[in-house]
Amino acid sequence: MRRYSTTILMAVMLAGLGAYLYWVELPAERTKALTERQEKKLLPFEERDITSLTVRSGSNEVVMAAGENRSWKITAPLQADADSREVESVIRALVLGKVSRVVEEKAAALGPFGLEKPSVILTVSTGSSQETVSLGDSGPISSTLYAMRASDQNVLLTDLAPKDVLNKTLLTFRKKEVLPVEQDKVERLRLTYPPTEIVLYHMDKSWKIRFPIEAEADQTEVRTLLFKLADLKALGFIDPGPEHSALTKKLTKPEARITIYQAGAEPVVKLYQGEAGTGEAYAVTTPEAPIYRINPVAIKDLIKDLFALQDKRLLGLNLDQVGKLSVKTREEQYVLINQNGTWALEDQPGAQSVNQQTADLFVSRVVNLPAELRVVKEAGPLAPYGLSSPSAEFRATGKDGKARGRLVLGTRTGGLVYAMGERLPGIYQARADLLTQIQAKKDLLANAAESSPPGR
């Protein structure tokens, strides 16, 4: 037994040392580390707990309060929606801000640090707690600021970047979006550009024009229009008052009136150009809302004529609708047939296979050729455009056996070619690339075996 006593004694001593480290030293070290981290933080709050922010610069003060889902409101000097991203950005900078060192405790002279007349004073509250931080001059290195907390009156050097917390005004914090546009919820658009009106509906996952004609819409163009409406932002505000009333009397003839139908709501915006030579432009929503100063370029971006909003593909039907495509040039003519997703030549269906990759690309180019410029709205004499004796002509038959599309290419001029199509009345200019991409019959048959998957 004596031979094990030393081992047992050592085990007891090690266990005691382990217990001491676990119950005494480690908690002390954790407490010390936690205290050091807390001392290095500029604010003792978590971002999610902050419920109000006051920004005071000189004689100007902006007070903001958090609402549901961190949706911020300005409560003074006026009642308005806040730009939540701007508010959260300032709060995040303060919460993440670190104290590099304590420069001076209970400093008597604040002038050398720019804290006698601070650049900005920020007050944050969590409901039960509050802290005020004054920010002064930049520190000895870039992206640092001198600061002082009201709770301890020490001059601190922080890692706050001036751009994140300084020069924030009422305009900075106001919500600048003119219209509440949720693109995936918009059901209808009414665009009124005196004397024109265009109505678009979102149907079957795509946009269609319902007035003044019924036609497919240019999906990209409509989505871009919605994006620009959502991105329409105020450069300034004219709040209800004498100036608002005086300007309202002058804004009588809008350049555009746009109504959005979404989720049971019908927000409307009217766009006005200011007096000639002023470079001013305005957006008006409701009588009780401010008049928004906007970039004049925005009005030009939001005014679209019918041609711009139409589906400008000339042939007249979609790729998946094509059952047969007739191709006629000045050199030859042939017909491609779509046989359950496989292309074949009508006059030799049982002979050589068609190069499927080449045929798919060629038919896609024909189907998707868009008009670039409108020449005349209604087709008249065709000879001046080379359309009475065309360079190329394509006729498409749908899978239902009915003639559904036609595209005619005339004279080439520069990088464009005169064109007519089933979808759009009139004469247009389209990109001339298609003229050099028309496949000869022999090219469709070349290397067909390499392109056809097994079993075809």
(request) Express in nm, to one decimal, how much length is gained between residue 182 and residue 436 on full extension, taking 0.36 nm for each residue of separation and deducting their alpha carbon distance. (result) 87.2 nm
(request) Could you check the simple spin-label distance between residue 289 and residue 211, using points 7 Å along Cα→Cβ, in nm with one decimal? (result) 2.2 nm
(request) Order the peptides 220-230, 194-204, 242-252 from the highest to the lowest mean number of other Cβ atoms within 10 Å of their residues. (result) 220-230, 194-204, 242-252
(request) Would you pull out the residues with amide H under 5 Å of residue 144's amide H, same chain only if 5 or more places away, H placed 1.01 Å from N? (result) 139
(request) Step through the residues of the range 283-295 one at a time and calculate ³J(HN,Hα) from phi using the Karplus curve (6.51 cos²θ - 1.76 cosθ + 1.60, θ = phi - 60°), rounding each to whole Hz and writing x for Gly and Pro. (result) 10, 10, 10, 10, x, 7, 7, x, 7, 9, 7, 10, 6
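Report the calculated FRET efficiency for residue 373 and residue 105 (r = Cβ-Cβ distance, R0 = 60 Å), to the nearest 0.05.
0.20
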(message) Using only the alpha-carbon atoms, how far is helix 84-96 inclined from the longest principal axis of the chain? Give it as 0 to 90 degrees, nearest 10.
(response) 40 degrees
(message) Nearest 500 deg cm²/dmol is fine: what mean residue ellipticity at 222 nm does the chain get from its DSSP H runs of n ≥ 4 alone, each adding -39,500 (n - 2.57), divided by its residue count?
(response) -7000 deg cm²/dmol
(message) If you fit an axis through the alpha-carbon atoms of helix 26-40 and take the longest principal axis of the Cα set of the chain, what angle between them do you get, 0 to 90°, nearest 10?
(response) 70 degrees
(request) Report, by chain and number, residues whose modeled amide H sits under 5 Å from the one on residue 432, excluding near sequence neighbours (fewer than 5 apart, same chain). (result) 416, 417
(request) Can you tell me the FRET efficiency between residue 71 and residue 443 if r is taken as the Cβ-Cβ distance and R0 is 56 Å, rounded to the nearest 0.05? (result) 0.35
(message) If I compute semi-axes √(5λ) of the Cα gyration tensor in Å from the structure I just sent, which labelled value in (1) 36, 24, 20; (2) 36, 26, 23; (3) 67, 39, 19 lines up?
(response) (3)
(request) State, to one decimal in nm, how far the label point of residue 126 lies from the label point of residue 340, with both points 7 Å from Cα in the Cβ direction. (result) 7.0 nm
(request) For residue 205, list the aspartates and glutamates whose Cα falls under 16 Å from its own Cα; do not include residues on the same chain fewer than 8 positions away. (result) 182, 184, 187, 216, 218, 221, 311
(message) What whole-number distance in Å separates the alpha-carbon centres of the range 60-79 and the range 317-367?
(response) 64 Å
(message) So for each of 392-400, 67-75 I average, over its residues, the number of other beta carbons within 10 Å; can you give me the resulting order with the highest mean first?
(response) 392-400, 67-75
(request) Mind listing the long-range amide H neighbours of residue 281? Cut-off is under 5 Å, sequence gap 5 or more, other chains count too, H placed in the peptide plane at 1.01 Å from N. (result) 274, 294
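Here are some pairs, 73/228; 328/442; 208/304; which of them have Cα atoms lying more than 23 Å apart in this structure?
Violating the 23 Å limit, Cα to Cα: 73/228.
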(message) Taking 0.36 nm per residue of sequence separation and subtracting the Cα-Cα distance, how much length would be gained by fully extending the chain between residue 192 and residue 307, in nm to one decimal?
(response) 39.9 nm
(message) Test of understanding: extend the Cα→C-beta vector of residue 220 to 7 Å, then name every residue of the range 367-393 with backbone N under 13 Å from that spot.
(response) 368-372
(message) Run the simple label-point estimate for residue 249 and residue 166 please: 7 Å along Cα→C-beta, distance reported in nm.
(response) 4.4 nm
(request) Subtracting the Cα-Cα distance from 0.36 nm times the residue separation, let me have the gained length for residue 48 to residue 276 in nm, one decimal. (result) 77.2 nm
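Each reported figure results from applying straightforward, stated rules to the coordinates on display, with no laboratory input. Keep in mind the model is a prediction, meaning the values are calculated, not measured. With ideal geometry, Cβ positions are generated from the backbone for all residues, glycine too; neighbour counts draw on all protein chains shown.
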